[in-house]
Every structure is written in C-alpha cells, then in structure tokens.
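For reference, the structure is listed below as structure tokens.
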Amino acid sequence: MNTTPTFFLLFRRGIPLVGIALSLTLILFYPASLGWALLVAVALAAEAGAAFNTGVLYLVKRQTTIRWDGYWLRTLRPLFKSMNLEELWLRSFCAWNNKRVSGAFSAKKARKVVVLLPHCIQLVECKSHVAENLQACFRCGKCVVDGATTAALKYNWDVRVSPRSRAAYTEARKSRPDLIIAIACSDRLVKGLIKLSEIPSYTIPLELPHGMCINTTFDFRRLSQLMTTFAEPCADSKIQPLQINTGT
Ligand code: SF4
C-alpha cells in the first residue's frame with residue numbers, strides 16, 4: 001500500500017483552518033463575539049502553524065511538531081478504526097513524517113544513520129541469532145536479512161535487528177544518531193516516532209504477506225535508495241548487535 005500524506009493533512013490542517021474561518025465569520029455576523037472568537041482563531045492558527053513546518057524549521061521544532069501531530073493522530077485514530085481506515089490513517093501520518101524528514105536531509109546528508117529492523121523479517125525456521133549479531137546470518141537469501149547483512153558489511157551501515165521495538169528505540173537513542181530509518185508495522189512506527197521525537201526518523205512500513213509478525217518483509221531497494229540519498233558514506237564498521245537489558 002503506497003500512501004501519501006494527503007489523508008492525514010486533510011484533517012491535520014483542515015480542521016484548524018475551518019475553525020479559524022468559522023471564528024472569523026462569527027465575528028462578522030456577531031461583533032459581540034470579537035474577544036473570544038479572535039482568541040480561538042489565534043490559538044487555532046498557532047496550532048495549525050506546526051503542520052506547515054518543513055526543512056530546517058521542522059528539525060528545530062520537531063519535538064513540538066510531533067507532539068501536536070501525535071495528539072491529532074491519537075484523537076482521530078478510533079474514528080478511522082471504526083471506519084476500517086486505521087491503516088490508511090497511520091501510513092498517511094508516516095508518509096507526512098517521511099516527506100518532512102526528506103526535505104530536512106535533502107541539502108545536508110546525515111553523518112550517523114541507524115537502521116532498525118524488526119526480528120520478524122527473519123525467516124521463522126531460521127536458527128541464526130541475527131538479533132544478537134547480524135553477522136550470524138548465513139546469507140542464504142531466503143529473507144531480507146541477507147540483503148541487510150550484505151549492505152552492512154559492504155557499506156558499513158549501522159543495522160540493528162530487534163525482537164522488541166521499544167528496546168530498539170532505547171538503544172538507538174543511546175548512540176545519538178542524526179537519523180533513524182525504522183522498518184516496522186505501522187502501529188510500531190507511529191509509536192516510535194512519537195516516543196523518540198527528538199531524533200528524526202524515516203519510516204518504512206512492513207509488508208505482511210503471511211500476517212502480523214511472521215516472515216514479514218519490506219522494500220529493500222527503498223532502504224538502499226534512502227541510505228544513498230541521506231547518509232554520508234561511512235568508513236568504520238557499524239554492524240551492531242542489539243543490547244537488551246533482560247532485567248527490565
Ligand atoms: S537470510 Fe539470514 S536470517 Fe534470513 S533465513 Fe537466511 S540465514 Fe536466516
């Protein structure tokens with residue numbers, strides 16, 4: 001499913017802008033409402049403004065912007081879930097996030113990029129311990145971990161395979177990357193974006209040919225293109241095993 005930001009923006013920008021228009025119209029017809037209607041219009045304009053931040057301004061105000069986007073995402077999610085449009089809603093939000101991240105890194109590449117992969121991309125019958133060490137992959141070509149391992153070795157990508165997205169984000173935060181490229185299901189992607197709002201993250205939704213969490217896959221060519229476009233070439237080996245604190 002290829003999704004654009006349009007669906008999310010229709011509501012994210014549209015509702016506040018309609019509210020502003022209604023407030024100003026009210027002032028025209030009921031001048032007595034000037035005080036509070038103007039106040040509402042100004043508040044809505046300030047809130048809607050965050051939905052127009054792009055480029056460097058987006059990077060600077062990212063945390064505030066994501067926080068507001070998150071409110072809209074969570075508030076309207078039950079509605080779209082009831083209409084069977086939840087996946088479209090989440091993916092559209094991710095697409096909007098990706099568009100702004102692309103704009104922010106189009107002029108200046110990121111020095112440090114971390115790629116987060118979910119453990120469910122590994123073939124379920126495979127016994128190699130790729131979550132502990134990506135190089136444990138035998139590179140048999142039966143799942144997309146093969147391509148990720150090859151690229152990590154060849155181009156020194158910092159790739160981490162994680163059985164738990166929360167642990168993956170916690171680990172990623174510690175290494176302070178300029179950019180995260182996260183691959184996961186839509187639900188995990190939006191949670192990660194909101195939880196780790198201080199670090200720009202580009203998202204690639206998983207493909208689920210066998211259902212949730214089993215032998216999933218993703219568009220590896222897209223990841224390669226993103227790394228070429230956004231990441232500075234890296235000289236040092238960056239293959240990283242995910243450190244999980246089992247005591248928490
Ligand atoms: S490519 Fe690697 S992780 Fe995937 S099934 Fe083969 S050995 Fe296992």
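Please report the antiparallel percentage of the DSSP beta bridges confined to the chain, to the nearest 5.
5
First check a/c for the range 29-87, with a ≥ b ≥ c the square roots of the eigenvalues of its C-alpha gyration tensor; if it is under 1.5, answer rounded, and if not, answer prolate when a/b is larger than b/c or oblate otherwise.
oblate
In the range 92-174, what chymotrypsin sites (Phe, Trp or Tyr not before Pro) fall in a loop by DSSP, with at most 16 other Cβ atoms inside 10 Å?
Listed in order of number, the matching sites are Phe138.
Given the rule -39500 (n - 2.57) for each run of at least 4 DSSP H residues, summed and divided by the residues of the chain, what is its mean residue ellipticity at 222 nm, to the nearest 500 deg cm²/dmol?
Values: 10 runs with 128 residues, N = 248.
Calculated mean residue ellipticity at 222 nm is -16500 deg cm²/dmol.
For the range 1-120, rounded, prolate or oblate, judged on the Cα gyration tensor with a ≥ b ≥ c (square roots of eigenvalues), a/c < 1.5 rounded, else prolate if a/b > b/c? Please list the in-between numbers first.
Details: a/c = 3.05, a/b = 1.66, b/c = 1.84.
Cα axes put the range 1-120 in the oblate bin.
For the range 109-248, rounded, prolate or oblate, judged on the Cα gyration tensor with a ≥ b ≥ c (square roots of eigenvalues), a/c < 1.5 rounded, else prolate if a/b > b/c?
It is rounded, given that a/c, with a ≥ b ≥ c, falls under 1.5.
Please rank Asp158, Asp187, fewest neighbouring Cβ atoms within 10 Å first, as an exposure proxy.
Asp187, Asp158
Throughout, read-outs are computed from the coordinates displayed, never taken from laboratory work. A quick note: this is a predicted structure, and the numbers were derived from the prediction, not measured. Positions of Cβ are backbone-derived with ideal geometry, glycine not excepted, and every protein chain shown enters the neighbour counts.
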